[in-house]
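The values are calculated or read from the model by the stated rules, or taken from the named source; none is laboratory data. The structure displayed is predicted, hence computed values, not measured ones. All Cβ positions, even for glycine, are placed from backbone atoms using ideal geometry, and neighbour counts span all protein chains on display. Protein only, heavy atoms only, side chains kept; ligands, DNA and RNA dropped before computing areas. Shrake-Rupley method; radii C 1.70, N 1.55, O 1.52, S 1.80 Å.
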Amino acid sequence: VSPMDLLKDIGAGAFIMAYVAFMGGYTVLLTAQDGGQWWTLGMLITVVSVDIGAYATGLTFGRHKMAPVISPGKTWEGFAGSAAAAVIAGVLTAIFMLQQPWWVGVIFGLVMLGTATAGDLSESLIKRDLGIKDSSSWLPGHGGFLDRVDSSLLSGAAAVALFLIFT
């Protein structure tokens, strides 16, 4: 391992730790609010639904690449599947967990779709820019630790905003 590679790994690790801590703080802030724990859970359910919807439909029907330079596996078909999953999860969590009308769930789902996708693509762009395949060795083969939380970090900040708007 060359000194430059080691320096790049240390710099990438420091940035990732700061990014996770800062953005994760929004989820902590949301959870600390009265009723915010339900919004946090709703955000996590919706974001996981986005990821699963994208993966399942992209794997099954994916033909048209969304951002091949940034993330070669992402397809527009996967995005459509994630949109459907986001709206369904958003509506169900709004009605049954957040005691909000269905249309708030549609907004919630679409916002989580946008932030989860942007967070995932941003993390892929960071890795491409740093010239690394995995953001850590904690979860080999999964892109690293940041790949497991990238969608929820940005979504936590958006969930705080939606909580403040709708409660």
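Quick notes on this structure:
- Placing a pseudo-label 7 Å from each Cα along the Cα-to-Cβ vector at A67 and A14 gives an inter-label distance of 2.6 nm.
- One chain, two ends: Q37 and V106. Fully extended at 0.36 nm per residue, the span grows by 22.9 nm beyond their Cα-Cα distance.
- For segment 17-32, backbone nitrogen atoms closer than 19 Å to the point 7 Å from L164 Cα along Cα-to-C-beta are found at 22-32.
- The modelled label-to-label distance between M97 and F22, using points 7 Å beyond Cα along the C-beta direction, is 2.7 nm.
- The listed residues I165, I70, I16 rank as I165, I70, I16 when sorted by accessible area, largest first, using a 1.4 Å probe.
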